[in-house]
Amino acid sequence: MAKPIYAGSYNTRKGGGWKRVFIIIVIVQIIGVGIYLFLSRDKAEERVAADGTSGAPVEAGPAAPLMDLGPALAAPVMDVAPTAQSRAAISDAQAAIDAGQLADAKIILDKIVAVTPDARAIKMLGDVNMKLLKSPIMIPGKQYYVIQSGDYLQKIAKKFNTTVELIKTMNNMETDVIRLGASLLVYEGNFSIRVSKNRNTLDLMNGDRIFKRYSVGTGKFGKTPAVEFLIVDKITEPPWTRPSDNKQIEFGDKENVLGTRWMAIKCEAHPEITGYGIHGTWERDSIGKQSSAGCVRMLNEDVEELFDLVPRKTTVIITE
């Protein structure tokens with residue numbers, strides 16, 4: 001009996017065509033969903049763009065190109081792998097610390113960080129600097145000031161480019177009351193801040209030397225602008241304005257993302273860049289990553305320490 005010609009082949013060919021069409025449709029749908037999710041993510045980031053301001057809606061501006069900051073200011077201190085020299089210096093510094101000789105430890109650590117700045121030396125230097133700053137030990141920048149007629153703490157702090165909080169800490173003061181003719185221990189500040197987006201670090205600089213390094217969170221997808229800012233406002237227990245509806249969320253509310261301190265920063269060269277600042281966070285696992293909507297976020301205990309050290313008009317240079 002003759003067999004049907006192409007009967008089986010025709011059916012197979014027809015089914016294969018529909019399969020190819022079906023596969024193409026599925027691929028197109030997957031690509032479409034992927035594009036939608038990507039755009040939605042960007043829009044969500046813009047809605048949150050705000051790690052907030054002092055009670056005003058945040059409009060995070062576009063990232064501007066890095067300004068010409070000059071070779072000395074272009075980047076924070078870069079740490080390197082430990083060397084035999086740095087390990088020996090760290091050992092000597094630790095011995096000095098154990099003996100209570102903090103000033104000697106600072107000298108050792110300053111030298112090694114300037115030459116071979118490894119991470120452990122930088123961490124030790126920051127701890128030593130903070131202990132010395134809050135101790136009665138005299139170091140460069142510290143001096144006694146005799147209170148004059150008409151003085152008050154804010155005026156004295158401005159005179160020495162420092163903060164009221166630091167003056168009170170250094171003198172064990174619980175109130176702002178001062179007495180004519182009394183002496184106050186003050187520190188004449190020369191602080192500036194360098195933030196590295198790639199390394200998610202904030203270096204507090206004293207002149208051209210690192211004073212202390214903090215781990216921070218910066219903007220997702222590089223959204224933190226790499227420009228030079230100034231600190232223009234400082235707020236304790238800040239409210240946050242939710243960008244989705246401009247509702248002010250008070251400090252203490254679990255929806256408030258600003259932590260315990262807020263330092264607003266402004267770029268004079270790019271006034272269109274608004275809404276950025278340095279602030280605290282309760283999301284500890286967000287530190288050390290590109291995790292924010294554009295602001296620089298710190299652990300609450302770290303931002304509280306920095307807040308007490310740097311006055312308004314402190315320079316903040318953010319680099320890639």
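The values are calculated or read from the model by the stated rules, or taken from the named source; none is laboratory data. On a predicted model such as this, the values are computed, not experimentally measured, just so you know. Positions of Cβ are backbone-derived with ideal geometry, glycine not excepted, and every protein chain shown enters the neighbour counts. Ligands, DNA and RNA are excluded from the accessible area calculation, which covers all protein heavy atoms including side chains. Shrake-Rupley method; radii C 1.70, N 1.55, O 1.52, S 1.80 Å.
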Are there strands (runs of 3 or more DSSP E) fully within region 139-215 with at least 1 residues that are open to solvent by less than 10 Å² (accessible area, probe 1.4 Å) and without any contact (Cβ under 8 Å) to a residue 24 or more places away in the chain? List them. none
Output the number of residues of region 122-156 satisfying the condition of being closer than 20 Å to L202 by Cα and modelled with pLDDT under 95. 0
Filtered residue count, region 272-288, keeping only those that are in contact with a strand residue (DSSP E or B) (Cβ under 6 Å, 6 or more places away or on another chain), of a type outside the set (V, I, T) and in a loop (DSSP other than H, G, I, E, B): 3
Kindly indicate whether Q290 is open to solvent by 50 Å² or more (accessible area, probe 1.4 Å) and under 12 Å from the mean Cα position of the chain (by Cα). yes
Do we find a residue being open to solvent by 40 Å² or more (accessible area, probe 1.4 Å), modelled with pLDDT under 95 and among the aliphatic types (A, V, I, L, M) anywhere in region 235-251? no
State whether the residues of region 263-271 include one that is buried (at least 20 other Cβ atoms within 10 Å of the Cβ), in a loop (DSSP other than H, G, I, E, B) and modelled with pLDDT under 95. no
Take region 52-109 and flag every residue that is surrounded by fewer than 17 Cβ atoms within 10 Å (Cβ to Cβ), at pLDDT 50 or above and among the charged types (D, E, K, R). R87, D92, D98, D104
Scope region 216-228; condition in a loop (DSSP other than H, G, I, E, B) and either open to solvent by 10 Å² or more (accessible area, probe 1.4 Å) or at positive phi (or both); matching residues: K223
